[in-house]
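Working notes, structure below.
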Amino acid sequence: MTGPAQLLSPERVRCGEPLASKKRALERAAELLSPAVPGMTRVEIFDALFTRERLGSTGLGHGMALPHGRVAGVDAPVAACLTLANPIDYDAPDRQRVDVLFVLLVPRDCSDEHLRILSSLAEMFNDESLRDSLRSQTDPEVLIQYLADWSPSADAARTAG
């Protein structure tokens with residue numbers, strides 16, 4: 001499986017973005033993703049993300065969100081990551097405002113890998129230390145490295161096993 005860090009590039013990571021709403025955050029994510037998705041406009045990418053969001057919030061809790069969508073114009077999963085200067089209302093299940101978004105696009109027919117990536121991200125973002133590291137980061141390359149270096153803690157591994 002492709003790891004979350006491998007789906008990013010520094011061009012698709014922004015730290016401390018001054019965005020004030022969920023809609024604006026998804027628009028910004030679409031702008032970042034559009035160069036990586038030939039044949040799709042940022043409006044089409046935004047529409048895919050927003051359509052999925054209307055089915056139910058992709059907020060995970062703890063200030064994290066995983067907006068995602070299946071699109072015909074993507075050959076392999078691709079992602080963007082945004083940390084926000086100020087948390088935004090995101091209709092998360094714990095009612096906490098969101099300040100970190102990991103945005104994922106997958107091919108329309110990519111069911112199993114899509115679910116494995118989302119599951120891996122949900123596990124990662126349950127780690128308070130990782131969440132804090134992502135929030136404090138100002139360098140996209142270092143943020144990607146945090147994701148690449150992450151592994152479940154020994155306690156989490158014992159609980160899961």
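The values are calculated or read from the model by the stated rules, or taken from the named source; none is laboratory data. No experiment lies behind these values; they were computed from the predicted model shown. All Cβ positions, even for glycine, are placed from backbone atoms using ideal geometry, and neighbour counts span all protein chains on display.
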- line: Per the filter on region 63-77, residues touching a Lys or Arg at 6+ places or on another chain (Cβ under 6 Å) and surrounded by fewer than 19 Cβ atoms within 10 Å (Cβ to Cβ) are 70, 72
field: Residue in region 34-41 that is over 19 Å from residue 135 (Cβ atoms), of a type outside the set (Val, Ile, Thr), in contact with a helix residue (DSSP H, G or I) (Cβ under 6 Å, 6 or more places away or on another chain) and not in a loop (DSSP other than H, G, I, E, B) present
entry: yes
task: Run residue 51 past the list (1) surrounded by 15 or more Cβ atoms within 10 Å (Cβ to Cβ); (2) of a type outside the set (Gly, Ala, Ser); (3) assigned to a helix (DSSP H, G or I) and report the number of the one that doesn't hold.
output: (1)
statement: Counted residues in region 125-146 being within 13 Å of the chain's Cα centre (by Cα) and more than 11 Å from residue 100 (Cβ to Cβ) come to 1
- request: Can you work out which of the residues in region 1-33 that are part of a helix (DSSP H, G or I) and at pLDDT below 95 is nearest to residue 107 (Cα to Cα)?
  value: 7
- request: Collect the residues in region 106-148 that are more than 24 Å from residue 48 (Cα to Cα), surrounded by fewer than 16 Cβ atoms within 10 Å (Cβ to Cβ), touching a residue at least 60 places away in the same chain (Cβ under 8 Å) and not polar (S, T, N, Q), keeping them in residue-number order.
  value: 128, 139, 141, 148
- request: Kindly indicate whether any position in region 62-72 is more than 17 Å from residue 139 (Cα to Cα) and in a helix (DSSP H, G or I).
  value: no
- line: Those residues of region 93-113 which are touching a Pro at 6+ places or on another chain (Cβ under 8 Å), closer than 26 Å to residue 15 by Cβ and outside any strand (DSSP E or B) amount to 96, 97
message: What's the total number of residues in region 139-161 that are modelled with pLDDT under 95 and outside any helix (DSSP H, G or I)?
response: 5
message: Every residue in region 78-91 that is at negative phi, surrounded by fewer than 20 Cβ atoms within 10 Å (Cβ to Cβ) and in a loop (DSSP other than H, G, I, E, B), please.
response: 89
message: Kindly evaluate residue 77 against the criterion of being closer than 18 Å to residue 19 by Cα and of a type outside the set (Phe, Trp, Tyr).
response: no
- request: Would you mind finding the one in 99, 91, 47 that is touching a Ser or Thr at 6+ places or on another chain (Cβ under 8 Å), more than 24 Å from residue 6 (Cβ to Cβ) and of a type outside the set (S, T, N, Q)?
  value: 91
